[in-house]
């Protein structure tokens, strides 16, 4: 019995280790989230006509998140012109803070696509532990890059990856 338990545990360890290392080619999971208008939306519908996507998990109470979004917003028009990128921002604000999201987005004038993941279902499915957590998806919708946290200048690394995807 102990031998079976040890083998099962080892098999699970190997499986999860391999899963964690192989982010290349991984597609988005199917999770239902909400738009800022309260309509349901399935995450498999996130697309950009064969062009790259930045998928950013953030929260209204997260200062590094707000700094990252502001830095990207300042460069977003140029990024779109050069790479065709679209930014999809997913707020993980819960029931206590979700009402802060729409006014914050409107006040900042951010022109990204925004969604609400108040139950953290999408966050869990993507393996996000801390915010900001930013992914880049290629034109096929596959995750090709990710990073957590934000320091001034991190947006330059994002842009470099986007230009590589766009062949620039």
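How large is the Kirkwood hydrodynamic radius of the range 28-166, counting all unique pairs of alpha carbons, in Å?
This gives a value of 14.9 Å.
With each pseudo-label sitting 7 Å past Cα toward Cβ, what's the residue 42-residue 120 distance in nm, one decimal?
2.6 nm
Could you list 118, 83 so that the one with the fewest beta carbons within 10 Å of its beta carbon is first and the one with the most is last?
With the fewest neighbours first, 118, 83 line up as 118, 83.
Pop the C-beta distance of residue 111 and residue 70 into the FRET formula with R0 = 22 Å and round what comes out to the nearest 0.05.
Calculated value: 0.95.
How tilted is helix 154-166 with respect to the longest principal axis of the chain? Cα atoms for both, answer in degrees (0 to 90, nearest 10).
80 degrees
Using Cβ contacts closer than 10 Å as the measure, can you line up 126, 69 from fewest to most?
126, 69
Compute the length gained on full extension between residue 102 and residue 77: take 0.36 nm times their separation in residues and subtract their Cα-Cα distance, giving the result in nm to one decimal.
Extra length available between residue 102 and residue 77 comes to 6.9 nm.
Could you check what % of the DSSP bridge pairs in the chain are antiparallel, to the nearest 5?
Rounded to the nearest five, the antiparallel share is 65 percent.
By how many degrees, between 0 and 90 and to the nearest 10, does the Cα long axis of helix 2-21 differ from the longest principal axis of the chain?
20 degrees
May I ask you to sort 112, 57 by Cβ crowding, counting other Cβ atoms within 10 Å and putting the fewest first?
Starting with the residue having the fewest Cβ neighbours, the order is 112, 57.
Equivalent-ellipsoid semi-axes (√(5λ), Cα gyration tensor) for the range 86-133, whole Å, largest first?
Listed largest to smallest, the semi-axes of the range 86-133 are 19, 14, 8 Å.
What is the distance, in nm, between label points placed 7 Å from the Cα along the Cα-to-Cβ direction at residue 129 and at residue 163?
With each label point 7 Å from Cα toward Cβ, the separation is 3.2 nm.
Using a simple spin-label model with points 7 Å from Cα along the Cα→Cβ vector, what separation in nm is obtained for residue 27 and residue 95?
My value for the distance between the label points is 3.4 nm.
No value in this document is a laboratory result; all are computed from the given coordinates. Note that the structure is predicted; figures quoted are calculated from it, not measured. Note that each Cβ is placed from the backbone with ideal geometry, even for glycine, and that neighbours are counted across all protein chains shown.
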